[in-house]
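**Q** What follows is a structure written as structure tokens; I'll ask about it next.
The values are calculated or read from the model by the stated rules, or taken from the named source; none is laboratory data. Everything quoted here is computed from the prediction, not taken from an experiment. A quick note on method: Cβ atoms are made from the backbone with ideal geometry, for glycine too, and the neighbour counts reach across all protein chains shown. Accessible surface areas use protein heavy atoms only, side chains included; no ligands, DNA or RNA. Shrake-Rupley method; radii C 1.70, N 1.55, O 1.52, S 1.80 Å.
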Amino acid sequence: MPSVTSCIAIGNERLSLGPHSDRARMDSELLLMRVLERNKAWLLAHDDDDVQQEACARFVELIERRYRGEPIQHITGECEFFGLPFKVTRDVLVPRPDTEHLVEKVMELAQRFEAPRIVDIGTGSGAIAVALAHKLPAARITATDLSESALAVARENAEQNQVAARIRFLQGDLLVPLAGERFEIVASNPPYVPNTDRALIAIEVREYEPALALFGGEDGLDVYRRLIPAAHVALVPGGFLVLEIGFSQAEAIERLLASHGFKAIEFTPDLQGIPRVASAQRG
């Protein structure tokens, strides 16, 4: 039977030939930890231990899935966002660290209100809504998504993080299920990848994550064109719209926001200095 060290080496060798060669050893270790239900410290302390044949076969199966480009989060079925655990499936986008900037901006703006009503549009895995519910105990949070399958995942994540009683989940397009309601903050990480960029994005995104949550039309702005005016109607005077945006979209988003009566338009950069979050206030 192969040892722990041998298994990691086998996985590393195979993944070094795949689309994610830069993290081959890390992924090999993660997948072995998943199969053995152990942590990194255990692997280091038991590097000469034998791996049972059944576990080894399961490990090789997972390595092959990763070799073909499947996201590591889909293989393990989980990821971390804002310090919280989340279940992820092929029905939802894998939560990205960049989106934490949006959560931080909403948290900052929420301090201006005593008990803010916040809606997360296109909630997907529920990452934004759950993180906000966890950090803002006075907030009243609603989350919508067009996909009922995505909402099922979001509800599970709310339960897992013990905030299910504080989030209202609704199925429907953008703000349509909330006609007539008003909010202090509307937040969204909408699909913003231009259709023309499909071939340019990583295989693990292009082939394994839901196109509905990724692609935003020819220029990536289709959803913003519908969401921005709808949000203006749904916000109370002085309320805020907070949006994640794509690379090079800041100028176009600023024009859209201004043309629909928003003021105090600001952009928050990501760690690379690229504008990643747009925020604007309804007059």
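**Q** How large is the charge dipole for the chain, taken about the Cα centre, if only the Cβ atoms of Lys, Arg (+1) and Asp, Glu (-1) carry charge, to the nearest 20 debye?
**A** 880 debye
**Q** Please compute the net charge surrounding PHE82, taking Lys and Arg as +1 and Asp and Glu as -1 over other residues with Cβ under 10 Å from its Cβ.
**A** Once all neighbours under 10 Å are counted, the net charge is -2.
**Q** Using modelled backbone amide H atoms (1.01 Å from N, in-plane), which distant-in-sequence or interchain residues come within less than 5 Å of THR142's amide H?
**A** Placed amide hydrogens put ILE118, VAL119, ASP120, ARG168 under 5 Å from THR142.
**Q** A follow-up question, please. With every protein chain present, what is the per residue accessible area of the chain (1.4 Å probe, Å²)?
**A** Solvent-accessible surface per residue comes out at 47 Å².
**Q** Now, a different point. Where a Cα-Cα gap under 17 Å defines reach, which lysines qualify for LYS135, not counting those fewer than 8 residues away within the same chain?
**A** Candidates past the 8-residue exclusion: LYS105.
**Q** Mind grabbing the accessible area of PHE215 for me, 1.4 Å probe, Å², rounded to tens?
**A** We get 30 Å² for PHE215.
**Q** Just the Cα atoms of segment 115-167: what Rg and Dmax do they give in Å?
**A** Gyration radius and largest Cα-Cα distance of segment 115-167: 9.9, 30 Å.
**Q** If you take the square roots of the eigenvalues of the alpha-carbon gyration tensor of segment 54-211 and sort them as a ≥ b ≥ c, do you get rounded (a/c under 1.5), prolate (a/b over b/c) or oblate?
**A** Here segment 54-211 falls in the prolate category.
**Q** Give me the percent relative contact order of segment 188-254, please, defined on Cα pairs under 8 angstrom at least 6 residues apart.
**A** Answer for segment 188-254 is 43 percent.
**Q** Using +1 at the C-beta of Lys and Arg and -1 at the C-beta of Asp and Glu, which of GLY122, PRO237, ALA133 has the Cα lying farthest in the positive direction of the dipole of the chain?
**A** Comparing the listed Cα positions along the dipole, PRO237 ranks first.
**Q** Give the accessible area for ASP145 in Å² (nearest 10); use a 1.4 Å probe, count only protein heavy atoms, and leave out ligands, DNA and RNA.
**A** Counting only protein heavy atoms, the figure is 20 Å².
**Q** Ok, one more. Ordering PHE247, PHE81 from largest to smallest accessible area (1.4 angstrom probe), what's the sequence?
**A** Largest accessible area first, the list is PHE247, PHE81.
**Q** Among DSSP bridges having both ends in the chain, what percentage is antiparallel? Round to the nearest 5.
**A** 45 percent
**Q** Could I ask something else about it? If the cut-off is 16 Å between C-alpha atoms, which aspartates and glutamates fall inside it for LYS87, apart from same-chain ones fewer than 8 positions away?
**A** Excluding near neighbours in sequence, the set is GLU70, GLU78, GLU148, GLU156, GLU159, GLU209.
**Q** Show me, for segment 145-159, the HN-Hα J-couplings you get by feeding each phi into the Karplus relation (A = 6.51, B = -1.76, C = 1.60, θ = phi - 60°), rounded to Hz, glycine and proline as x.
**A** Result, rounded to whole Hz: 7, 6, 8, 5, 5, 5, 4, 4, 5, 4, 5, 4, 5, 5, 5.
**Q** Okay, moving on. ARG198: accessible area at probe 1.4 Å, nearest 10 Å²?
**A** Here the residue's solvent-accessible area equals roughly 100 Å².
**Q** Sorted by mean Cβ packing within 10 Å, highest first, what order do the peptides 41-49, 170-178 take?
**A** Per-residue mean Cβ counts within 10 Å order the peptides as 170-178, 41-49.
**Q** Order ARG276, ARG90, most accessible first, counting only protein heavy atoms with a 1.4 angstrom probe.
**A** ARG90, ARG276
**Q** What is the distance in Å between the Cα centroid of segment 155-177 and that of segment 227-278?
**A** Distance between centres, Cα-based: 23 Å.
**Q** With each run of n ≥ 4 DSSP H residues scored as -39500 (n - 2.57), what mean residue ellipticity at 222 nm is computed for the chain after dividing by its residue count and rounding to the nearest 500 deg cm²/dmol?
**A** -11500 deg cm²/dmol
**Q** Also, quick follow-up: By how many nm would the segment from GLU266 to MET33 lengthen if fully extended, with 0.36 nm per residue of separation less the alpha-carbon distance?
**A** Net length gain for the segment: 79.6 nm.
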